[in-house]
Amino acid sequence: MPEAARVVAPAKVNLRLRILARQASGFHSLETIFCAVSLADTLRIRRSSQPGIRLVVEGDIEMGPLERNLAVRAAERFYREMGRSPAIRIELAKRIPAAAGLGGGSSDAAATLRALNMLHDNPFSPPALLEMGSELGSDVPFFLCGSPLALAWGRGERLLALAPLPARSVLIVHPGLGMRTADAFRRIAEGRTEDHRSPAFVMDRESLAEWDSIAHLAENNFEPVARELVPRFSEIRRGLIERGAEIAMLAGSGSCAFGVFASRERRDAASAHFADRGFPIWEAETLDSSPEPVLR
Ligand code: C5P
């Protein structure tokens with residue numbers, strides 16, 4: 001029996017994020033294109049002689065209370081579904097900033113589900129894992145879908161896995177403060193009437209197969225909220241465009257902005273610009289495959 005699994009949990013950006021109607025549940029329907037990037041947390045999950053789930057976090061990233069941690073909640077859910085008591089230790093090397101729109105917590109949850117399933121010799125089918133994941137968080141199904149690029153709708157739990165695009169250089173810029181998803185959605189709801197309708201729209205298949213055409217679909221309905229709540233968002237977005245980003249937008253529900261560049265040189269020049277001005281930045285590449293857990 002393997003004793004441990006190591007798994008890389010990548011961040012994501014949304015290359016398109018349209019917020020459609022509010023559902024009766026209070027959640028909003030989305031139309032979004034998820035793209036995984038190489039900025040990542042790493043999890044090591046080991047069997048332990050002690051009962052329970054122990055989480056050890058490395059990295060100086062602001063985190064909420066441990067019992068709310070999505071890796072822990074994913075492990076609790078997994079063992080509850082399996083009908084067994086857990087005895088594991090999760091070592092989480094945290095690099096993805098929280099409340100940044102990069103899906104770090106969801107990615108940790110998905111990575112935990114995949115690693116535990118492997119450690120226990122796959123008691124759950126992919127659809128069963130997906131169901132567990134979708135109850136943990138809206139971005140979890142994407143991180144379970146096996147592709148680094150996907151079109152998603154519903155709350156993000158219905159996905160069309162797309163053929164990955166060639167890797168592109170990405171720069172992620174943090175504006176200095178976070179934005180909570182719930183607050184961002186509340187602002188959207190406040191700014192709309194009850195009978196809000198989105199215009200009819202046809203997305204053609206070819207437009208999802210190339211960076212140039214995806215750039216035409218790039219928009220994020222949270223940007224007006226970010227412009228209001230994140231003082232430096234507009235300045236960052238403009239700076240990314242001026243330095244040659246082909247796509248420059250808000251990451252998810254914010255607060256980070258990101259740029260996708262046609263060359264590493266352009267990205268590096270943009271990195272230098274933002275680093276000189278004191279912004280926390282992360283350089284990454286878009287992923288052309290999904291990382292798999294490795295058993296030890
Ligand atoms: O997914 P997460 O738990 O971060 O969502 C926080 C809150 O954001 C939800 O409780 C809901 O009010 C709002 N939300 C929404 N529509 C979504 C996702 C989240 O209205 N698709």
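Numbers at a glance
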| item | result |
| --- | --- |
| Residue satisfying all of: in the stretch 10-66; within 16 Å of the ligand (Cβ to nearest atom) and over 19 Å from the mean Cα position of the chain (by Cα); modelled with the highest pLDDT among these | Leu20 |
| Selection within the stretch 250-276 - buried (at least 24 other Cβ atoms within 10 Å of the Cβ), more than 16 Å from the ligand (Cβ to nearest atom) and either on the phi > 0 side of the Ramachandran plot or aliphatic (A, V, I, L, M) (or both) | Ala257, Val260, Ala270 |
| Residues located in the stretch 134-149, provided they are more than 12 Å from the ligand (Cβ to nearest atom) and small (Gly, Ala, Ser) | Gly146, Ser147 |
| Hits in the stretch 101-132 - residues which are within 14 Å of the ligand (Cβ to nearest atom) and farther than 17 Å from Ile53 by Cβ | Gly101, Leu102, Gly103, Gly104, Ser106, Ser107 |
| Selection status of Arg187, at pLDDT 95 or above and closer than 28 Å to Ile241 by Cβ | yes |
| Among the candidates Arg187, Arg267, residue that is touching a Pro at 6+ places or on another chain (Cβ under 9 Å) and basic (Lys, Arg) | Arg187 |
| Conditions (1) more than 30 Å from Ala272 (Cα to Cα); (2) of a type outside the set (D, E, K, R); (3) within 16 Å of the ligand (Cβ to nearest atom); number of the one not met by Thr181 | (1) |
| Only one of Ala248, Ala270, Ala275 that is without any contact (Cβ under 8 Å) to a residue 24 or more places away in the chain, within 15 Å of Arg168 (Cα to Cα) and aliphatic (A, V, I, L, M) | Ala248 |
| Residue in the stretch 175-182 that is under 20 Å from Ala24 (Cβ atoms) and hydrophobic (A, V, I, L, M, F, W, C) present | yes |
| Within the stretch 19-37, considering residues that are crowded, with 19+ Cβ neighbours inside 10 Å and in contact with an Asp or Glu (Cβ under 8 Å, 6 or more places away or on another chain), the one farthest from Thr193 (Cα to Cα) | Val37 |
| Strands (runs of 3 or more DSSP E) completely within the stretch 81-186 that count 3 or more residues being in contact (Cβ under 8 Å) with a residue 24 or more places away in the chain and within 14 Å of Ala11 (Cα to Cα) | 169-173 |
| Count - residues of the stretch 67-78 that are surrounded by fewer than 18 Cβ atoms within 10 Å (Cβ to Cβ) and either among the acidic types (Asp, Glu) or away from the ligand (no atom under 16 Å from the Cβ) (or both) | 2 |
| Among (1) out of contact with any Cys (no Cβ under 8 Å at 6 or more places or on another chain); (2) at pLDDT 95 or above; (3) part of a loop (DSSP other than H, G, I, E, B), the one test that Ser198 misses | (2) |
| The stretch 153-178, residues that are hydrophobic (A, V, I, L, M, F, W, C) and within 11 Å of the ligand (Cβ to nearest atom) | Trp153 |
| Selection from the stretch 184-213 of residues that are exposed (fewer than 11 other Cβ atoms within 10 Å of the Cβ) and within 13 Å of the ligand (Cβ to nearest atom) | Glu190 |
| Candidates Asp268, Asp276, Asp288 - the one that is closer than 21 Å to Ala152 by Cβ and of a type in the set (D, E, K, R) | Asp288 |
| From Phe274, Phe258, residue being assigned to a helix (DSSP H, G or I), at pLDDT 95 or above and of a type in the set (Phe, Trp, Tyr) | Phe274 |
| Qualifying residue in the stretch 265-283 (condition: acidic (Asp, Glu), within 27 Å of Leu43 (Cα to Cα) and within 23 Å of the chain's Cα centre (by Cα)) | yes |
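The values are calculated or read from the model by the stated rules, or taken from the named source; none is laboratory data. This structure is a prediction, so every number in the text was calculated from the model and none was measured. Positions of Cβ are backbone-derived with ideal geometry, glycine not excepted, and every protein chain shown enters the neighbour counts.
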